[in-house]
1. Being over 15 Å from Leu170 (Cβ atoms), in contact (Cβ under 8 Å) with a residue 24 or more places away in the chain and of a type outside the set (Ser, Thr, Tyr) is the filter here, so list the residues in the range 265-292 that pass it.
2. Anything in the range 20-41 that is without any contact (Cβ under 8 Å) to a residue 60 or more places away in the chain and hydroxyl-bearing (Ser, Thr, Tyr)? List them, or say none.
3. Please determine, by comparing only the residues of the range 163-207 that are closer than 30 Å to Ala272 by Cα and among the hydroxyl-bearing types (Ser, Thr, Tyr), which one is farthest from the chain's Cα centre (by Cα).
4. Return the residue satisfying two criteria in turn: it lies in the range 124-165 and is of a type in the set (A, V, I, L, M) and in a loop (DSSP other than H, G, I, E, B), and of such residues it is farthest from Glu339 (Cα to Cα).
5. In the range 115-143, which residue that is of a type in the set (A, V, I, L, M, F, W, C), more than 15 Å from Lys78 (Cβ to Cβ) and within 21 Å of the chain's Cα centre (by Cα) is surrounded by the fewest Cβ atoms within 10 Å (Cβ to Cβ)?
6. Can you find, within the range 336-383, the residue that is farthest from Arg227 (Cα to Cα) among those that are β-branched (Val, Ile, Thr) and at pLDDT 75 or above?
7. Output the residues belonging to the range 71-90 that are assigned to a strand (DSSP E or B) and either under 16 Å from Tyr34 (Cα atoms) or not assigned by TED's automatic domain parsing to the domain that holds Glu28 (or both).
8. Inspect all residues belonging to the range 274-283 and state whether any of them is in a loop (DSSP other than H, G, I, E, B) and assigned by TED's automatic domain parsing to the domain that holds Gln190.
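The values are calculated or read from the model by the stated rules, or taken from the named source; none is laboratory data. From a predicted model like this one, the values you see are computed outputs, not experimental measurements. Cβ atoms come from the backbone with ideal geometry, glycine included; neighbour counts cover every protein chain shown.
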Amino acid sequence: MTTPTNMYTHAQRKEEHLRYLGELRVTEQRWASYLPWLKSLGYDLRPRYQPGWKASWLTSGIGAFESEDALLPNVYGKVMDAKRLSDGRVVALKLLPTHRKELPILTYLSSAPLRADPRNHSVPLLDVHPLPDTDEEVLAVMPLLVYFDRPPFETIGEILLCIYTYLEGLVFLHEHNIAHLDICAANALQDPGTELFPKGFHPARPTYYVLKPGTLKIRGNPPHTSRTLSPVNYHFIDFGESIKFESLESRKLIYGTVGHDLDVPEFAGGAADRGYDPFRLDIRAFGDMIKVEMYEEYHGSEILKPLIEAMCRDIPEERPEAVESLEILKGIISSQTPETLAAFARQRKVYSASYRVKQYHRHRWELQLMGRPPIYPSIPGLEVQPPRPLSFFFRTLTRLRLLIS
């Protein structure tokens, strides 16, 4: 039961929260102080970080929770979004410590020969700038990314292509003697490009979008297409825990716990202090990630069970290497029919609202008209048969469905 005291407390909390939103945090103040320097480099920040900013909702008539400048960036203050003035592209700015291995590894992975390899799915390093006030960090410029499962996957084929891409990227890292050591959903992101979300998304809160360009009013649930209609790029990020060996022969055991996935045999009962293979740990972490994020999340993903069981074996030496895991996945994909790959991926724990099902059918009709296969872009060596061309009658019927849907 709501009492006057509770109501007053709620009102107080709301007022305090609005006051909090209306002031720059210490970490935000740092970014705002960089604005003149960032502009000299060709980058600009959102209205919230412009000189003399005042909360727009105080005078606009739009509530704070519907105002773009009330959305806060990364809580740790190490990542900020910015607009590149040369082309208007929104990018991510990250403060990287100079004493850790992340910058050298990212620089290596972004070198021209490695970036030319299509299996390289590490986040591209677009630029690096020394900071004007410290040599303990540098400014790294990267693409603006979002979580790989936003929006939810629409088909089984989309899930399999996502896993394939990340696993191919892991093969690439291991071939270059790099163990990521922090593989998890938070470090596996996607670049949605400009088509997956036709009206864009807010860089600080991708579950929102600005209603009209040039305004401050936001709305939730950005309109989106599907990954098969509008392909995305998947990337590994955050190489702060990673390790790079000079050669295959120089690989050795490492010690101590690392990463988000701490519930692994390598760390049980003090085992981390006795040493473990970092590459086998990557395999286990990858298996755990797809088990939680795909296998336990979507109906139809039972086909992943052989891969997950192999990658999640408790004895590290019994786990397949990355390249062997990729072969297991290829076998799973090649054994599926086009109908299975194109089937709707219904979430287990979330009720699949009718609008999601309706969107799926609309997108499938569009794909039928395009003659596009259920895994797109195609996987080299695993060409999936596209749907049979529609007859004139069914093409006309499908177009009518799209018009009235």
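1. Pro265, Glu266, Val292
2. The answer is Tyr20, Thr27, Ser33, Ser40.
3. The selected residue is Tyr164.
4. Of all residues in the range 124-165, those of a type in the set (A, V, I, L, M) come to 125-126, 128, 131, 138-142, 144-146, 156, 159-161, 163.
From the residues that got through so far, the ones that are in a loop (DSSP other than H, G, I, E, B) too are 125-126, 131, 144-145.
Values: Leu125: 39, Leu126: 40, Leu131: 53, Leu144: 34, Leu145: 31 Å.
If we take residues in the range 124-165 being of a type in the set (A, V, I, L, M) and in a loop (DSSP other than H, G, I, E, B), then Leu131 is farthest from Glu339 (Cα to Cα).
5. Leu126
6. The qualifying residue farthest from Arg227 (Cα to Cα) is Thr337.
7. Correct list: Val79, Met80, Asp81, Ala82, Lys83, Arg84.
8. Going residue by residue through the range 274-283, those that are in a loop (DSSP other than H, G, I, E, B) are 275, 277.
Still in the list and also assigned by TED's automatic domain parsing to the domain that holds Gln190: 275, 277.
Yes, because at least one residue in the range 274-283 is in a loop (DSSP other than H, G, I, E, B) and assigned by TED's automatic domain parsing to the domain that holds Gln190.
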